[in-house]
Amino acid sequence: MHKNIQVDEYQEKAIKTLDNTLLIAGAGAGKTFTISQKINYLISSSYYEEKDILVISFTNKSIEDLKKKINYKVDIYTFHKLAMQILNDYHLNYQITSKDTLYYITNEFFQSLNNESLIKEILLYYKEYDYFSFLKTYKYQDLLKIITTYIHLYKTNLGTISNIKNIASLNSFYTKLIIIIMNLYHNYLNENNELDFDDLIIKATNTLNKFYKYKLIIIDEFQDTSFLRWQLIDKLLKLNQAKIFAVGDDFQSIYHFSGCNINLFLDFKQIVPDAKILKLKYTYRNSQELINIAGKFILQNKKQIKKILISHKSIPKPIIFKYYFQKRKVFIKVINNLLNKYQDILILGRNNNDIYEYINNDFKKEEDYLIYKGKKLRYLTVHSAKGLEADVVVLINLENKRLGFPNQIKDNIILQEINDLKDNYLYAEERRLFYCALTRTKNEVILLTPYRHKSIFVKEIKKYC
């Protein structure tokens, strides 16, 4: 190991293993540090050369973070960048379609629809009387979202048009429309020689037919893998007889809506039978008291993998409840108090627009920041804050309502069946999202809570405090 690098015994075991491995790394356990030190160790010890190692993560931001911390020139890609690199290396021509193409095609179909029988069927289904009026309603926007989301989820779950009728059997109304739009969409892509991001990975997977570069594949945030992405990795592993080192935390699987499937994480020993399962046990971000509370909360869902995290930090009251009748007044008071104590303040909402109910004209919003009294405060949704940390966290919108926390909007039944999960526990993914929110803090997390209609998560977490 390199000098002056402090690793704990669990990190060291993960760093030195040469086996196929799933490393379960809880919040603040030093996941990125462990990956970077593993690469340093493997190359400096001559187990692998730089060209042998591929690192995959899910966002450009996480890629940049990894590049800063890894001292060697190994390939570090998102899944889509990897697929593009494979196609380039095979000298294949392709063009990426706009991310809005599917929406435009779907919207154009309905806007220009002149099939009287189908129009009548749509109006009957939605209990509307005039088609042009229907096109201006939220019901129509909901229809667009269901169809476009379904097509994306269907592709990430390795579906094809030929067997769509079997999977979408619960609702023939949506099935008919989805098949029409899917055919229109695929015809457009084929005629224009364009690929969407799902097709990009499919084409790269189908193109691979021989050894391709890598002997070790490291996947960051493995809990966010989809079946489509895994198919590409699985082919690389088999063609290259490569090893896999997958790192993640099922407690922080929060992208089900985009096709990620926690079952791959939970069933890792089935898809990689000879793999080791290792766990990092120390957290360097949260206090032991916070970890105990958050852990008890998340493990109410028995489908989550039980893990114990240990912290050397102690904060007797890491969760502070601030109750209000007037949310704006209490929020400003809390922020003023925190400005005297902390430099790095992170405000988290469930939805992008939550913050506007809490700020007045003294605040100026600029992208992910609030400017207040000449200082910058970060405001993010919990989804976009994943992987981040701050001195203190303020969590808002803890209300028992449709767009509160937990969000109470249920997926349409046709979307539920396309991305079936093993954890059908009530608000399973919202629970994981709340856990992510709690564990962003290095110190306290402040829960802004209404006296009336408070979130069921607040009521529950209060018991553990």
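The values are calculated or read from the model by the stated rules, or taken from the named source; none is laboratory data. Note that the structure is predicted; figures quoted are calculated from it, not measured. As a convention, Cβ positions derive from the backbone with ideal geometry for all residues, glycine included, and neighbour counts pool all protein chains shown. To get the accessible areas, we keep the full protein, side chains included, count just its heavy atoms, and leave off ligands, DNA and RNA. Shrake-Rupley method; radii C 1.70, N 1.55, O 1.52, S 1.80 Å.
List of remarks:
- Which listed residue, of Glu49, Glu12, is within 23 Å of Phe268 (Cα to Cα), open to solvent by 50 Å² or more (accessible area, probe 1.4 Å) and of a type outside the set (A, V, I, L, M, F, W, C): Glu12
- For region 293-312, the set of residues classified as open to solvent by 20 Å² or more (accessible area, probe 1.4 Å), in contact (Cβ under 8 Å) with a residue 60 or more places away in the chain and not in a loop (DSSP other than H, G, I, E, B) consists of Lys296 only.
- Just so you know, in region 390-443 the residues that are among the polar types (S, T, N, Q) and over 24 Å from Leu144 (Cα atoms) include one that is modelled with the lowest pLDDT, and it is Asn424.
- Among the residues making up region 390-413, those that are among the aliphatic types (A, V, I, L, M), within 21 Å of the chain's Cα centre (by Cα) and open to solvent by 10 Å² or more (accessible area, probe 1.4 Å) are Leu403, Ile409.
- The number of residues in region 430-459 that are part of a strand (DSSP E or B) and under 18 Å from Gln326 (Cβ atoms) comes to 6.
Table: residues versus (1) among the aliphatic types (A, V, I, L, M); (2) touching a strand residue (DSSP E or B) at 6+ places or on another chain (Cβ under 7 Å); (3) open to solvent by less than 50 Å² (accessible area, probe 1.4 Å).
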{"position": "Ile53", "(1), (2), (3)": "yes, yes, yes"}
{"position": "Thr59", "(1), (2), (3)": "no, no, no"}
{"position": "Ile63", "(1), (2), (3)": "yes, yes, yes"}
{"position": "Ile86", "(1), (2), (3)": "yes, no, yes"}
{"position": "Ile96", "(1), (2), (3)": "yes, yes, no"}
{"position": "Asn115", "(1), (2), (3)": "no, no, no"}
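- Among the candidates Ile119, Ile105, the residue that is open to solvent by less than 80 Å² (accessible area, probe 1.4 Å), in contact (Cβ under 8 Å) with a residue 24 or more places away in the chain and farther than 30 Å from Asn40 by Cβ is uniquely Ile105.
- For region 203-223, the criterion of being modelled with pLDDT of 95 or more, closer than 22 Å to Asp100 by Cβ and in a helix (DSSP H, G or I) is met by at least one residue.
- Ser162 being surrounded by fewer than 18 Cβ atoms within 10 Å (Cβ to Cβ), modelled with pLDDT of 95 or more and either assigned to a helix (DSSP H, G or I) or polar (S, T, N, Q) (or both): no
- Across region 314-335, the qualifying residues are those that are closer than 27 Å to Glu430 by Cα and of a type in the set (Lys, Arg), and the one among them that is most open to solvent (accessible area, probe 1.4 Å) is Lys317.
- Subset of region 29-46 [more than 17 Å from Gly248 (Cβ to Cβ), open to solvent by 10 Å² or more (accessible area, probe 1.4 Å) and of a type outside the set (Ser, Thr, Tyr)]: Gln37, Ile43
- Residues of region 336-389 that are surrounded by fewer than 18 Cβ atoms within 10 Å (Cβ to Cβ), without any contact (Cβ under 8 Å) to a residue 24 or more places away in the chain and among the hydrophobic types (A, V, I, L, M, F, W, C): Ile371 alone.
- Residues located in region 427-465, provided they are open to solvent by less than 40 Å² (accessible area, probe 1.4 Å) and hydroxyl-bearing (Ser, Thr, Tyr): Tyr435, Thr439, Thr441, Thr449, Ser455
- Flag: Ser36 does not match the condition of being assigned to a helix (DSSP H, G or I) and in contact (Cβ under 8 Å) with a residue 40 or more places away in the chain.
- When the residues of region 244-289 are filtered to those that are open to solvent by 10 Å² or more (accessible area, probe 1.4 Å) and of a type in the set (Asp, Glu), the one that is farthest from His152 (Cα to Cα) is Glu289.
- Unique residue being out of contact with any helix residue (DSSP H, G or I) (no Cβ under 7 Å at 6 or more places or on another chain) and open to solvent by less than 60 Å² (accessible area, probe 1.4 Å) when the list is Asp224, Asp198: Asp224
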